[in-house]
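Here's a structure for you.
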Amino acid sequence: MRYKFMDPVRNKQGTVNSYVRRIIHDIPFLAYRFQIEIELAQVLTETNLRHIESCEFVAKGCYYTKRFCRLISGLCRHMTISAVARHFDLRWETVKNIDKAYLQATLPALDPSQLVDIAC
């Protein structure tokens with residue numbers, strides 16, 4: 001049971017407006033799909049804005065756990081995107097977007113001025 005509901009944007013305590021149920025997909029277990037059903041509070045702030053509370057193992061606005069996204073991105077290094085999509089029975093675009101978001105979050109941004117044309 002949670003007693004303090006925090007607004008994820010301002011990190012201030014707020015009141016609960018309603019509860020939202022989400023089904024989150026996780027790493028398969030023994031060849032079975034594994035889904036977690038969680039209940040998140042919709043926090044009402046002082047300015048009457050509503051925000052869904054944050055969850056440390058799920059990215060904002062995503063229905064997959066962070067470790068599942070890490071697994072998909074790791075497999076994309078060794079397999080094609082369509083093969084990973086067939087393996088997890090996901091859409092090709094979903095796998096591409098998960099891999100793209102994970103790479104943007106983990107890889108440092110490149111400075112175009114540091115790129116050098118090296119002739120072999």
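Which of the residues that make up region 68-108 are exposed (fewer than 12 other Cβ atoms within 10 Å of the Cβ) and either β-branched (Val, Ile, Thr) or part of a loop (DSSP other than H, G, I, E, B) (or both)?
Residues satisfying the conditions are Arg77, His78, Asp89, Arg91, Thr106, Leu107, Pro108.
For Cys55, only one of the following conditions fails: (1) in a loop (DSSP other than H, G, I, E, B); (2) in contact with a His (Cβ under 9 Å, 6 or more places away or on another chain); (3) not β-branched (Val, Ile, Thr). What is its number?
Failing condition for Cys55: (2).
Let me ask something additional. Any residue in region 9-24 that is closer than 20 Å to Phe57 by Cα, in contact with a His (Cβ under 9 Å, 6 or more places away or on another chain) and either modelled with pLDDT under 65 or surrounded by 10 or more Cβ atoms within 10 Å (Cβ to Cβ) (or both)? Before the answer, list the steps.
Taking region 9-24 first, the residues closer than 20 Å to Phe57 by Cα are 9-11, 19-24.
If we keep only those that are in contact with a His (Cβ under 9 Å, 6 or more places away or on another chain) too, we end up with 9-10.
Applying the additional criterion that residues be either modelled with pLDDT under 65 or surrounded by 10 or more Cβ atoms within 10 Å (Cβ to Cβ) (or both) yields 9-10.
The answer is yes; a qualifying residue exists.
Checking the structure you have, find out if any residue of region 29-37 is on the phi < 0 side of the Ramachandran plot, modelled with pLDDT of 85 or more, in contact with a Lys or Arg (Cβ under 7 Å, 6 or more places away or on another chain) and of a type in the set (D, E, K, R).
Yes.
Based on this model, can you work out whether Cys76 counts as within 16 Å of Val95 (Cβ to Cβ) and in contact with a helix residue (DSSP H, G or I) (Cβ under 7 Å, 6 or more places away or on another chain)?
Numbers: within 16 Å of Val95 (Cβ to Cβ): yes; in contact with a helix residue (DSSP H, G or I) (Cβ under 7 Å, 6 or more places away or on another chain): yes.
So Cys76 passes the test.
I'm checking my understanding of the structure. Among residues of region 36-51 that are of a type in the set (Val, Ile, Thr) and in a strand (DSSP E or B), which one is nearest to Val20 (Cα to Cα)? Explain how you work it out, then say what you get.
First, pick out the residues of region 36-51 that are of a type in the set (Val, Ile, Thr): 36, 38, 43, 45, 47.
From what is left, the residues that are in a strand (DSSP E or B) are 36, 38, 43.
Details: Ile36: 14, Ile38: 8, Val43: 11 Å.
Among those that are of a type in the set (Val, Ile, Thr) and in a strand (DSSP E or B), it is Ile38.
The values are calculated or read from the model by the stated rules, or taken from the named source; none is laboratory data. All values derive from a computational prediction rather than experimental measurement. Every residue, glycine as well, gets a Cβ built from its backbone with ideal geometry; the counts of neighbours run over all protein chains shown.
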